[in-house]
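The values are calculated or read from the model by the stated rules, or taken from the named source; none is laboratory data. Keep in mind it's a predicted model, so treat the numbers as computed, not measured. Every residue, glycine among them, receives a Cβ derived from its backbone with ideal geometry; neighbour counts consider all protein chains shown. Please note that ligands, DNA and RNA were not included when accessible areas were found on the heavy atoms of the full protein model with its side chains. Shrake-Rupley method; radii C 1.70, N 1.55, O 1.52, S 1.80 Å.
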Amino acid sequence: MSQPDYLQRTADLLHDCLLDVIRAHDPDIEHVLRGEPIPAGAPADLVGRAMQAQGTWFQLLSIAEQNAAMRQRRQSEVERGLEQVRGTFAQVIAAAAAAGVPAEQVRALVSALRVRPVITAHPTEAKRVTVLEKHRRIYRRLVDLEAPRWTPRERSALIDTIRAEIELLWLSGELRLEKPTVEQELAWGLYFVNENLFGIVPDLVDKLEQALGRAYPGEPFEVPPFFQLGCWIGGDRDGNPFVTNDATRRTLCETRVASLRRYRARLAELLGALSITERAALISPAFREALACQLERSGQGEAIARRNPGEVFRQFLTCVLRRLDATLVRAERGESAPEVAAYATADDLIADLRALEAGLGDARCATAAGLLVRPVRREVAAFRFSTFRLDIRENSTRVNEALRALWHTRSPAEPPPLESPEWRTWLQAELVRPLDAVAALDLPAEGGAAETAGMFRLIRDTRERLDREAIGSFVLSMTHSVADLLGVYLFAKRAGLFADAAGTESCTLPIVPLFESIDDLRRAPDIVRELLQIPLVRRSVRGQGGVFEVMIGYSDSNKDGGFLSSNWELAKAQLKLTRLGGECGIPVAFFHGRGGSVSRGGAPTGRAIAAQPAGSIRGRLRLTEQGEVVSFKYANRGTAAYQAELLAASVLEHSLTSEREQALVPTAEFDEAMEALSGAAHAAYRRLVDHPGLVAYFQAASPLEEIALLNLGSRPARRFGARTLADLRSIPWVFAWTQNRHFIPGWYGVGTGLATFLEVRGSRGEALLQRMFNDSRLFRLIVDEVEKTLAYVDLDIAREYAALLPDDWLRAEIFSLVADEYHRTADVIRRLVGSGELARRFPQFRRRLESRLPVLNQVSRQQVELLRRYRAGQEDARPALLLSINCIAAGFGTTG
């Protein structure tokens with residue numbers, strides 16, 4: 001059965017089950033699910049239930065699509081062989097071997113491979129954990145139904161189970177009644193780890209090892225724990241007053257406990273399985289010695305030996321479990337200082353598991369060692385005693401405020417301006433002054449300055465007492481200058497985060513600048529060049545592994561400059577920084593701050609990585625995973641395994657091939673054209689966002705303010721509480737434009753950029769754009785994603801949202817700008833790609849969109865009416881309005 005046919009059959013099954021549930025509980029809205037419109041003026045309660053039904057259907061349809069896609073991937077592997085399936089280690093490594101890449105080069109790359117998706121608490125997930133759990137159970141039952149072995153009775157029972165889960169889903173409250181706490185956000189993040197990611201990460205290492213063994217037989221490879229999880233939940237303080245030092249401390253405790261409980265369960269499974277007796281297997285002297293040490297350390301050696309006579313591996317594991325239990329008990333009590341009976345670090349547990357593996361190997365039980373013990377050891381190596389590597393993020397404004405307070409502890413005079421040479425001189429003088437020659441840090445006992453200083457002390461204590469890798473790095477958002485970063489180094493020094501007691505040699509905490517705006521991206525190479533010329537920074541980077549990490553922001557650069565300019569400035573910054581790293585002898589690695597929507601960097605994983613500048617990855621990549629992206633990628637085990645391998649394999653492929661691929665080779669002609677396109681697109685975009693009436697239009701013609709009522713996340717929608725467009729976060733900016741069918745951030749300005757270029761350059765310009773479309777991977781990605789975004793736009797519906805603005809002149813003024821640019825962009829894109837209809841080049845995307853548009857259009861129009869009612873004071877319209885926001889988000893598969 002073809003994938004479209006299978007998908008249709010599965011979708012029909014789920015739709016029939018949902019209809020059964022609606023018929024039993026809410027028969028008066030059954031006609032809505034069958035495609036009939038909601039009557040005009042219908043009661044708000046009925047409209048709300050209809051919105052919920054349609055939103056539930058979108059959720060079920062997405063589950064069916066994920067199931068069909070996973071089935072298709074398995075089918076492709078069976079029919080074509082793993083080496084022919086794109087996005088797998090097998091395909092990437094086999095292609096490298098066929099291209100003559102020597103084993104030494106692959107070995108060096110694999111040894112340095114580091115891939116870290118970072119789960120954030122950005123408020124873009126419109127589904128609660130209880131809903132995610134039900135979705136997962138429905139998905140698993142669909143997988144069960146794929147098996148042909150069931151009798152009709154058994155198949156009917158499985159379908160009844162699916163129907164029951166849908167009924168529970170329907171009867172569960174979909175809306176959060178209160179804003180989630182940081183602890184609830186953490187529970188959401190840990191859900192994906194506990195359900196799937198703990199198990200699939202060790203498998204990734206196996207898959208890469210197997211691919212290397214097949215492509216390079218006889219060659220030795222040491223594959224490190226290259227895939228690790230980062231996290232911002234509980235550590236991202238940027239504009240979130242609820243992420244305090246206490247919240248971060250609780251987060252670290254919870255993630256520590258989560259990892260230890262997982263290992264405890266895994267070791268208990270091993271204890272039950274490894275019943276090997278010394279009477280049947282040869283036990284090596286080395287393992288007997290290791291066992292003797294374990295028994296002696298336990299203080300209960302004789303009792304343990306009597307309990308499992310002759311079962312030496314069980315005896316060993318019993319000792320390991322006792323130590324782990326002691327570690328877990330202390331972690332659950334919030335105690336970090338180790339005792340003799342507990343494990344001090346994850347490295348100690350890893351060493352014990354290695355000894356167990358070796359002992360089994362010596363006993364000729366290599367299969368049991370590989371299948372049972374090695375995955376546990378690899379879990380511990382990847383997740384350690386912290387589950388995540390928690391990043392701490394703060395913005396430069398807060399850090400500089402605390403630095404000014406530090407200045408005042410030493411001088412009553414006002415500090416110099418932050419951008420002045422005098423301020424920079426003071427920072428550098430403090431950094432070279434030995435700690436024992438200055439007074440202790442003396443900040444106010446309360447307030448932001450004390451909280452900032454305490455944050456750095458918490459980082460030091462965590463790394464010393466919990467796990468050296470429990471804290472990943474410190475990310476400074478809104479980095480505008482070298483002085484901003486030096487201020488962070490100064491706080492790290494005062495907190496004892498330097499390698500030497502005097503605090504002058506090197507910092508042990510990786511400090512990562514985040515460049516977000518267009519101007520900051522343009523300044524980034526100069527800032528990093530100047531920073532890497534400072535001896536302290538160079539010594540620090542070398543001590544941290546010799547690679548300097550830079551974070552680049554897709555969301556704010558897009559909000560600042562528009563889609564085309566953002567992508568071009570991001571590419572230029574990466575290319576310049578990569579070259580700078582080569583010149584300075586310190587490689588630069590990138591941390592990509594991506595979101596789920598196209599305008600926030602969301603794009604197909606493989607294509608997005610493949611379009612990065614040549615040489616900019618080199619085996620290292622970090623990227624944020626936010627909200628609905630996390631649930632889409634990691635909510636089901638099969639999908640999670642595929643997405644993790646796709647990400648890591650794409651990093652490997654880019655690292656192996658990018659510097660010899662023509663599609664990534666910079667050319668002066670293409671670069672000059674991109675500069676011209678970006679300039680014109682940026683100017684058009686700024687004309688819109690700088691329009692004095694845009695804020696009024698945006699607030700009236702979208703559910704911008706109402707989105708905050710959804711209680712998606714703990715963080716406020718605005719950084720500092722101001723009521724300006726400049727201070728509005730990029731997530732509600734994108735979310736609201738998605739809801740009102742304008743989709744401004746994903747395309748606006750691109751049409752003017754392309755049309756202006758064609759007007760000026762004529763036929764030669766058109767020929768050049770065609771060559772770029774065919775030969776430039778970055779330009780092709782931009783065009784493809786703009787074309788797909790345009791397919792989401794509906795000007796008729798957008799005009800209905802615009803009618804919510806009472807100012808006729810302003811409404812006509814802004815909407816005419818949007819409509820004119822839309823037609824201009826659609827025309828020039830169709831001309832460039834040679835298609836009469838938008839997105840026809842993407843049949844799977846088009847099928848997915850067409851299956852949703854009739855309902856989406858109906859819900860959008862209903863939302864306009866609900867906005868009108870709610871703003872007129874009809875409070876009973878609020879639940880239906882919020883459900884309509886959820887429904888549209890589920891239909892498009894993205895919020896922010």
* Residues of the range 507-603: accessible area per residue at 1.4 Å, in Å²? -> 29 Å²
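Is the shape of the range 191-349 best called rounded, prolate or oblate, per the rule: a/c under 1.5 gives rounded, else a/b larger than b/c gives prolate, else oblate, with a ≥ b ≥ c the square roots of the Cα gyration tensor eigenvalues?
oblate
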* To do: Could you provide, to the nearest whole Å², the per residue accessible area of the range 182-277 with probe 1.4 Å?
  => 35 Å²
* **Cleavage-rule hits, trypsin sites (Lys or Arg not before Pro), the range 23-116, DSSP coil, Cβ neighbours within 10 Å at most 11** => R34
* To do: Using label points projected 7 Å from each Cα along Cα→Cβ, tell me how many nm separate A69 and F221, to one decimal.
  => 2.6 nm
* **Stokes-Einstein D for the range 65-126, Kirkwood Rh over Cα pairs, 10 °C, 1.306 mPa s (µm²/s)** => 108 µm²/s
* To do: Report the paramagnetic label zone for R433: residues of the range 479-506 whose backbone N is under 17 Å from a point 7 Å from Cα along the Cα-to-Cβ axis.
  => 486-496, 502-505
* To do: Return the distance in nm (one decimal) between the two label points of a simple spin-label model at D461 and D45, each offset 7 Å from Cα along Cα→Cβ.
  => 5.3 nm
* To do: Go ahead and collect, in residue order, the members of the range 362-377 whose backbone nitrogen is under 20 Å from a label point 7 Å along the Cα-Cβ direction of R279.
  => 363-365
* If the convex hull of the alpha-carbon atoms of the range 354-403 is projected onto planes in all directions, what is the mean projected area in square nanometres? -> 5.1 nm²
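For a Förster distance of 41 Å, can you work out the FRET efficiency between the beta-carbons of R841 and W809, rounded to the nearest 0.05?
Rounded to the nearest 0.05, the efficiency is 0.55.
Using Cα-Cα distances under 8 Å and only pairs 6 or more residues apart, what relative contact order does the range 406-555 have, in percent? Please report the intermediate quantities before stating the final value.
On the way: 173 pairs, mean separation 32.8, N = 150.
So the answer I get is 22 percent.
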* Asked: Between S76 and R34, what is the FRET efficiency for a Förster distance of 30 Å, r being their Cβ-Cβ separation, to the nearest 0.05?
  -> 0.30
* To do: Hey, could you get me the Stokes-Einstein D for the range 1-96, Kirkwood radius over alpha-carbon pairs, 10 °C and 1.306 mPa s, rounded to whole µm² s⁻¹?
  => 99 µm²/s
* Mean 1/r over all different Cα pairs, inverted: what Kirkwood radius does the range 180-283 give, in Å? -> 17.2 Å
* Structure fact -> Taking a straight Cα-to-Cα line shorter than 22 Å from K633, and setting aside same-chain lysines fewer than 8 residues away, one finds K127, K134, K207, K788
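Quick check: from the Cα gyration tensor, does the range 549-663 come out rounded (a/c under 1.5), prolate or oblate?
Oblate is the answer for the range 549-663, as a/c is 1.5 or above yet b/c matches or exceeds a/b.
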* Structure fact -> Calculating Rg/Rh (Cα atoms, Kirkwood Rh) from this structure picks out, from (i) 1.06; (ii) 1.28; (iii) 0.97, entry (iii)
* Kirkwood-based shape ratio for the range 127-197, expressed as Rg/Rh from alpha carbons -> 1.09
* Asked: Given H placed on each backbone N at 1.01 Å, which residues far from L623 in sequence or on other chains put an amide H within less than 5 Å of it?
  -> R116, V118, H592
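Taking R0 as 30 Å, what FRET efficiency do you get between A872 and A683 from their Cβ-Cβ distance, rounded to the nearest 0.05? Intermediate results must be reported in sequence, preceding the final value.
Details: r = 39 Å, r/R0 = 1.30.
The value I calculate is 0.15.
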* Asked: Whose amide H sits under 5 Å from the amide H of V475, counting only residues 5 or more places off or on another chain, with H placed in the peptide plane?
  -> I392, R393, E394, V512
* Structure fact -> Once both label points are put 7 Å beyond Cα along the C-beta direction, the R660-N857 separation in nm becomes 5.1 nm
* Asked: Expressed as a fraction of 2.2 N^0.38 Å, the rule-of-thumb size for a compact globular protein of N residues, what is the C-alpha radius of gyration of the range 353-462?
  -> 1.85
* Structure fact -> Per residue, the convex hull enclosing the alpha carbons of the range 424-575 has a volume in Å³ of 124 Å³
* Provide E311, E209 ordered by accessible surface of protein heavy atoms (probe 1.4 Å), highest first. => E209, E311
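In debye, nearest 20: dipole of the range 196-305 around its Cα centre with unit charges on the Cβ of K, R (+) and D, E (-)?
320 debye
Can you give the calculated 222 nm mean residue ellipticity of the chain, where each DSSP H run of n ≥ 4 adds -39,500 (n - 2.57) and the sum is split over every residue, rounded to the nearest 500 deg cm²/dmol?
After summing the helix terms and dividing by residue count, I get -20000 deg cm²/dmol.
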* To do: Scale the Cα Rg of the range 264-359 by the rule-of-thumb value 2.2 N^0.38 Å and send over the ratio, two decimals.
  => 1.07
* **Span-like helix ranges in the chain, DSSP H, alpha carbon extent 27 angstrom or more, Kyte mean at least -1.0** => 3-25, 44-80, 152-171, 198-215, 245-273, 312-332, 563-584, 637-657, 668-689, 808-833
* Asked: Quick one: with all protein chains in place, what share of the accessible area of the chain is carbon or sulfur, to the nearest percent (1.4 Å probe)?
  -> 52 percent
* Any idea what the relative contact order of the range 231-326 is, in percent, if you count C-alpha pairs under 8 Å spaced at least 6 apart? -> 29 percent
* Structure fact -> To the nearest Å², the heavy-atom accessible area per residue of the range 283-380 with 1.4 Å probe amounts to 46 Å²
